[in-house]
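This report refers to the structure that appears directly beneath it.
The values are calculated or read from the model by the stated rules, or taken from the named source; none is laboratory data. Since this is a predicted model, take the numbers as computed values, not measurements. Positions of Cβ are generated from backbone atoms using ideal geometry, with glycine treated the same way; all protein chains shown enter the neighbour counts.
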Amino acid sequence: MNTIHDLIRYLDDSPSPWHAVATSAARLAAAGFRPIALHEQWTAIPQGFTVRDGALVAWRVDDDAAPAAPVRIVGAHTDSPNLRVKPRPDAGSLGWRQLAVEVYGGILSNSWLDRDLGVAGRLIVDGAPVMVDVREPIARVAQLAIHLDRDVNERGLVLDKQAHLTPIWGSGAPAAGEFTEWIADRAGVAPGSIEGWELCLFDVQGASLLGGDSSLLASGRIDNLVSCWAATSALIDAPAAGGTAQVIALFDHEEVGSGSTTGAAGPLLESVLERLVLARGGGRADLLQSFAASVCVSADGAHAVHPNYPERHEPGHRPIVNAGPAIKANANQRYATSPESAAVFQRACAAAGVPHQVFVSRNNMPCGSTIGPITATRLGIDTVDVGVPQLSMHSARELCGAHDPPALTAALTQFLAT
């Protein structure tokens with residue numbers, strides 16, 4: 001199953017964080033993992049998962065695992081930078097109907113221009129979520145013609161997020177309530193029953209192999225659904241590691257700082273780990289003992305060296321596509337990698353027969369961060385940051401090697417199994 005074509009299906013099935021969670025949940029359930037809600041009473045469940053909105057935590061706990069058994073954790077995130085529909089979306093003028101949107105995360109603004117956009121996410125209908133996925137072109141952020149911006153190629157494109165990123169979705173005069181009626185019809189619900197929504201615009205062009213040798217993968221949401229796919233696949237495939245618990249945590253809201261009930265800075269993972277200890281008859285001391293012996297792999301995208309901008313990378317630390325996952329290190333703790341945690345992942349790569357690389361950013365070009373430092377800080381668990389090298393990170397459509405995602409999956413499978 002862990003082929004690039006299976007990843008393509010996963011990406012296309014997951015146009016929003018909530019769809020990504022549903023996709024992973026369906027795969028886990030088919031593999032025998034039992035769903036359990038957070039508000040239910042938990043007992044010892046060898047294979048299970050729980051979902052909260054755009055986040056999922058799943059586990060496999062060996063029958064003979066003690067309450068204080070160490071845990072192997074793979075963390076990733078389900079969200080990607082995009083445009084989200086505002087609560088009052090009906091906008092426009094001068095014969096154009098437009099959608100009021102809010103920029104979510106650090107988008108590459110120009111990448112959203114002149115793309116056919118669909119809409120996906122969830123509606124809250126009478127207090128319950130209803131998924132919606134409109135995979136057809138319904139909106140477009142149109143670029144100004146070069147005839148009206150003659151020096152754009154010399155000056156560089158400058159976009160105001162408030163003024164220039166409002167998509168067109170029809171002609172004529174805007175009418176209040178029009179979008180609500182339209183999305184209600186597509187979801188098969190009454191307009192008056194919709195109490196709120198979280199809706200993402202997305203490029204309707206599906207994921208595809210690219211290149212004369214089909215060695216590359218182009219898609220939206222490579223950051224970070226590649227890691228979500230790899231984590232889910234690894235947990236399903238990994239054999240039980242006697243005496244050790246195996247966990248994956250797919251968080252939401254990483255792109256906006258992780259500070260939420262479903263983000264890595266929230267209590268979700270810690271509460272699940274504690275409940276798994278309590279279900280095996282342990283207590284707080286067992287939980288803390290487990291944390292001290294556990295290891296987490298924070299799996300997120302890495303920056304592949306760009307052939308047109310090689311000077312943007314630190315010499316000697318330039319990840320190459322299709323040369324294996326990259327271990328990401330930063331002395332200023334933007335990544336959580338330590339020599340000890342890096343060694344754990346290196347051993348997993350070696351056991352899987354997978355090459356690995358190392359990424360360190362330039363001193364004059366600070367790197368971004370991940371859920372790694374947040375998880376390490378919150379739980380005190382040794383963590384290593386790794387990722388598949390890619391180009392166009394945070395674009396509406398990104399690019400990575402076609403061989404690296406299966407390699408990451410193989411390494412994570414070995415990590416969970418040890």
Quiz prompt | Tally, over segment 1-27, of residues that are of a type in the set (A, V, I, L, M) and surrounded by fewer than 22 Cβ atoms within 10 Å (Cβ to Cβ) | solution = 6
Quiz item: Is it the case that some residue within segment 385-403 is more than 21 Å from the chain's Cα centre (by Cα), surrounded by fewer than 23 Cβ atoms within 10 Å (Cβ to Cβ) and either modelled with pLDDT under 95 or small (Gly, Ala, Ser) (or both)?
Solution: no
Practice problem: Say whether the condition of being in the same structural domain as SER271 (by TED's automatic domain parsing), aromatic (Phe, Trp, Tyr) and modelled with pLDDT of 95 or more is met by at least one residue in segment 80-102. | Solution: no
Quiz item: Here are ARG9, ARG72: which of them is more than 28 Å from ASP133 (Cα to Cα), of a type in the set (D, E, K, R) and assigned by TED's automatic domain parsing to the domain that holds THR232?
Solution: ARG72
Practice problem: Say whether the condition of being closer than 15 Å to ALA396 by Cα and either buried (at least 17 other Cβ atoms within 10 Å of the Cβ) or over 26 Å from the mean Cα position of the chain (by Cα) (or both) is met by at least one residue in segment 123-131. | Solution: no
Self-check item: From the options THR50, THR3, THR78, THR23, residue that is under 30 Å from LEU210 (Cα atoms), in contact (Cβ under 8 Å) with a residue 12 or more places away in the chain and over 15 Å from the mean Cα position of the chain (by Cα)
Solution: THR3
Self-check item: Identity of the residue in segment 237-271, modelled with pLDDT of 95 or more, assigned to a loop (DSSP other than H, G, I, E, B) and in contact with a Lys or Arg (Cβ under 8 Å, 6 or more places away or on another chain), that ends up surrounded by the most Cβ atoms within 10 Å (Cβ to Cβ)
Solution: ALA264
Quiz prompt | Matching residues, segment 304-313, being surrounded by fewer than 13 Cβ atoms within 10 Å (Cβ to Cβ) and either closer than 26 Å to ALA410 by Cβ or of a type outside the set (Asp, Glu) (or both) | solution = PRO307, ASN308, TYR309, PRO310
Practice problem: Scan segment 132-149 for residues that are more than 24 Å from HIS394 (Cα to Cα) and surrounded by 10 or more Cβ atoms within 10 Å (Cβ to Cβ) and report the count. | Solution: 2
Self-check item: Residues within segment 289-312 that are in contact with a strand residue (DSSP E or B) (Cβ under 9 Å, 6 or more places away or on another chain) and aromatic (Phe, Trp, Tyr), tallied
Solution: 1
Quiz item: Residue check: is ALA285 more than 25 Å from SER341 (Cβ to Cβ) and of a type in the set (A, V, I, L, M, F, W, C)?
Solution: no
Quiz item: Taking segment 393-408 only, how many residues are touching a helix residue (DSSP H, G or I) at 6+ places or on another chain (Cβ under 7 Å), in a loop (DSSP other than H, G, I, E, B) and farther than 11 Å from ARG221 by Cα?
Solution: 1
Quiz item: From the list ASP160, ASP185, which one is surrounded by fewer than 15 Cβ atoms within 10 Å (Cβ to Cβ), without any contact (Cβ under 8 Å) to a residue 60 or more places away in the chain and in a helix (DSSP H, G or I)?
Solution: ASP185
Quiz item: If you scan segment 81-99, which residues turn out to be in a loop (DSSP other than H, G, I, E, B) and under 22 Å from the mean Cα position of the chain (by Cα)?
Solution: PRO81
Quiz prompt | Unique residue being crowded, with 23+ Cβ neighbours inside 10 Å, in a loop (DSSP other than H, G, I, E, B) and either aliphatic (A, V, I, L, M) or touching a strand residue (DSSP E or B) at 6+ places or on another chain (Cβ under 8 Å) (or both) when the list is ALA37, ALA44, ALA58, ALA65 | solution = ALA65
Quiz item: Does SER290 count as farther than 20 Å from ASP385 by Cα, touching a Leu at 6+ places or on another chain (Cβ under 6 Å) and either surrounded by 14 or more Cβ atoms within 10 Å (Cβ to Cβ) or not small (Gly, Ala, Ser) (or both)?
Solution: no
Exercise. Could you please give the count of residues in segment 314-355 that are hydrophobic (A, V, I, L, M, F, W, C), surrounded by 16 or more Cβ atoms within 10 Å (Cβ to Cβ) and closer than 17 Å to LEU412 by Cβ?
Key: 10
